[in-house]
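J.: Please find one structure pasted underneath; my questions will follow.
The values are calculated or read from the model by the stated rules, or taken from the named source; none is laboratory data. Since the structure is predicted, the reported quantities are computational estimates derived from the model, not experimental observations. Because the Cβ atoms are built from the backbone with ideal geometry, glycine has one as well, and the counts that use them run over all protein chains shown. For the accessible areas, the whole protein counts, side chains as well, though only heavy atoms, and no ligand, DNA or RNA atoms are used. Shrake-Rupley method; radii C 1.70, N 1.55, O 1.52, S 1.80 Å.
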There are 2 protein chains.
Amino acid sequence: MTVESVPTAPRMKAADRRELILEAATAVFGAKTYVGTTTDEVARAAGVSQPYVVRLFGTKEKLFIEVIDRAYDRMIDVFRAALPGAPEAVGDRMGTAYTELLVERGMLPVVANSTALGGEPQIGRVARAGFSRIWRFLRDEAGFTPEQAREFIATGMLINTIVGLRLTGDYGDEVSATEVLDACFPDAVEKVRTLLPAAGEPW
Amino acid sequence: MTVESVPTAPRMKAADRRELILEAATAVFGAKTYVGTTTDEVARAAGVSQPYVVRLFGTKEKLFIEVIDRAYDRMIDVFRAALPGAPEAVGDRMGTAYTELLVERGMLPVVANSTALGGEPQIGRVARAGFSRIWRFLRDEAGFTPEQAREFIATGMLINTIVGLRLTGDYGDEVSATEVLDACFPDAVEKVRTLLPAAGEPW
DNA sequence: AACTGTAGTAATCGACTGATAACATGTCAA
DNA sequence: TTGACATGTTATCAGTCGATTACTACAGTT
């Protein structure tokens, strides 16, 4: 009768474990910001020990860089998937694709957070590069004019703000939340509302 | 011949000292985010000792709450000052007022940062309240329609992003920065460029 | 079956940070 | 003048966090 050890995580190939940790890290970084997140929290969320996270990624900063790079990748993927169809409705389809990213934990907040860290030498480089990739995609692949691209991104940033503020709970006294949401999500209010956490909730 | 002591800050009424610290704190919080700044950095920037900062404000969190509350106040002030004049150009004047806030260190980044902290119980409340005040000002005092208010705020968030990313330096290889800036600041590119720090600069 | 590289953990360290306590000095009313 | 309050500091602590080291165990190859 061999005693189950089981303190250690089930064995897995390093590449798979990395992907698993990246996914967990996206959620945690998204919920608590880069500086506000500990490598231990990421490790727990991924079901491994804290030193192992550090060993797989070198430093917390490098881990975060991989996280945001991956998030920009994912974002462009879903945008590209929304390209086929009536050309005049590309913007709408891509907007919908953006809001649907809300279900992928941390994806949007992590990108939003990265845009506030342009002053960090390493992270800033990756964040600018990610933003640049989005911009060029909109111009080159989606065929947006500069003005259309500006408008699209501005709306995305506004959505990030609504999400970050947790403006989707019941704060009738604080904000005319319904009006804000109606104005910001013309026809996706209900969906967005159900996808978002309220204030204080762990996301 | 009395020996100058001078290790201590020149005496000042507590109310004035608070205001001085709040100003310094806005700059530091704006440059390094809430979690990323230490009370000691704020104290140094204000020229006082670290324990005195926490004694005057109780906790770091309470200090930050006063900072963002003050920032939303200030923002509404400059918006209100831009109201008088041709009604059809109110939006332009307020947009200009917003970009001119860039010279007041930390004012814009701090507000941007606050919108990412809606999940924090205390800070989130104040951030939502600040956002709400802006929204109501736009609707009630500036006479914006919901759609106009949405558009105005979205543009502001985009500006915050540009600023946060430090997209104003020379990153010709990373981004068609000029095109982005042209699209985002139709007629204020040069002014904005001179007001913003480059990546790595301390702001 | 033994060897070797890979996957993973426990223990721990040094640096940092927010907060507290105790103390010092300046100001002002009576 | 004196005493009482307000302004401000030094010293220090207890907790936290990222990173390092040293170790264990599993898996595949020959």
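J.: Which of the numbered conditions does A:LEU167 fail, given that it passes all the others? Conditions: (1) facing chain B (nearest Cβ under 7 Å); (2) under 15 Å from B:MET157 (Cβ atoms); (3) assigned to a helix (DSSP H, G or I).
T.: For A:LEU167, the exception is condition (3).
J.: Turning to a different aspect of this structure: Could you pull out the residue among A:THR8, A:THR26 that is away from chain B (no Cβ under 14 Å), near DNA strand C (Cβ under 9 Å from one of its atoms) and either at pLDDT below 95 or surrounded by 13 or more Cβ atoms within 10 Å (Cβ to Cβ) (or both)?
T.: When all the criteria are applied, what remains is A:THR8.
J.: Tell me which of these A:THR96 doesn't satisfy, since it passes every other one: (1) more than 16 Å from DNA strand C (Cβ to nearest atom); (2) at pLDDT 95 or above; (3) in a helix (DSSP H, G or I); (4) open to solvent by 10 Å² or more (accessible area, probe 1.4 Å).
T.: (2)
J.: Continuing with this model, one more query. With respect to the numbered conditions (1) at the interface with another protein chain (Cβ under 9 Å from one of its Cβ atoms); (2) modelled with pLDDT of 95 or more, which one is the sole condition not fulfilled by B:GLY200?
T.: Condition not satisfied by B:GLY200: (2).
J.: In the stretch A:102-115, what residues are at pLDDT 95 or above and in a helix (DSSP H, G or I)?
T.: Once the filter is applied, which keeps residues that are at pLDDT 95 or above and in a helix (DSSP H, G or I), the stretch A:102-115 yields A:MET107, A:LEU108, A:PRO109, A:VAL110, A:VAL111, A:ALA112, A:ASN113, A:SER114.
J.: Suppose we filter the stretch B:69-93 for residues that are over 19 Å from B:ASN160 (Cβ atoms) and exposed (fewer than 14 other Cβ atoms within 10 Å of the Cβ); how many remain?
T.: Looking only at that region, the number is 7.
J.: Could you please let me know if B:LEU83 is outside any helix (DSSP H, G or I) and over 25 Å from A:THR178 (Cα atoms)?
T.: Yes.
J.: Right, next: Across the stretch B:124-151, which residue is farthest from the other protein chains (Cβ to nearest Cβ) among those that are more than 16 Å from the chain's Cα centre (by Cα) and under 26 Å from A:GLY130 (Cβ atoms)?
T.: B:GLU151
J.: Right, next: State whether one or more residues within the stretch B:66-76 are more than 22 Å from A:GLY118 (Cα to Cα), of a type in the set (A, V, I, L, M, F, W, C), away from DNA strand D (no atom under 11 Å from the Cβ) and in contact (Cβ under 8 Å) with a residue 40 or more places away in the chain.
T.: Checked against the condition, which is being more than 22 Å from A:GLY118 (Cα to Cα), of a type in the set (A, V, I, L, M, F, W, C), away from DNA strand D (no atom under 11 Å from the Cβ) and in contact (Cβ under 8 Å) with a residue 40 or more places away in the chain, the stretch B:66-76 yields at least one hit.
J.: Among the residues of the stretch B:112-125, what is the count of those that are surrounded by fewer than 23 Cβ atoms within 10 Å (Cβ to Cβ) and aliphatic (A, V, I, L, M)?
T.: Count: 1.
J.: Taking into account only those residues within the stretch A:37-65 that are open to solvent by less than 20 Å² (accessible area, probe 1.4 Å) and within 11 Å of DNA strand D (Cβ to nearest atom), which is nearest to the other protein chains (Cβ to nearest Cβ)?
T.: Looking at the filtered set, the residue picked out is A:THR37.
J.: Output the residue which, of all residues in the stretch A:126-155 that are touching a residue at least 60 places away in the same chain (Cβ under 8 Å) and within 16 Å of A:ASP77 (Cβ to Cβ), is surrounded by the fewest Cβ atoms within 10 Å (Cβ to Cβ).
T.: The residue in question is A:GLU141.
J.: Determine, yes or no, whether B:TYR34 is within 15 Å of DNA strand D (Cβ to nearest atom), within 14 Å of another protein chain (Cβ to nearest Cβ) and not β-branched (Val, Ile, Thr).
T.: The answer is yes for B:TYR34.
J.: Restricting the stretch A:31-51 to residues that are closer than 27 Å to A:LEU165 by Cβ and outside any helix (DSSP H, G or I), which is nearest to DNA strand C (Cβ to nearest atom)?
T.: Per the stated criteria, the residue is A:VAL35.
J.: Which of the residues spanning the stretch A:94-115 are farther than 15 Å from A:THR161 by Cα and not hydrophobic (A, V, I, L, M, F, W, C)?
T.: Matches in the stretch A:94-115: A:GLY95, A:THR96, A:GLU100, A:GLU104, A:ARG105.
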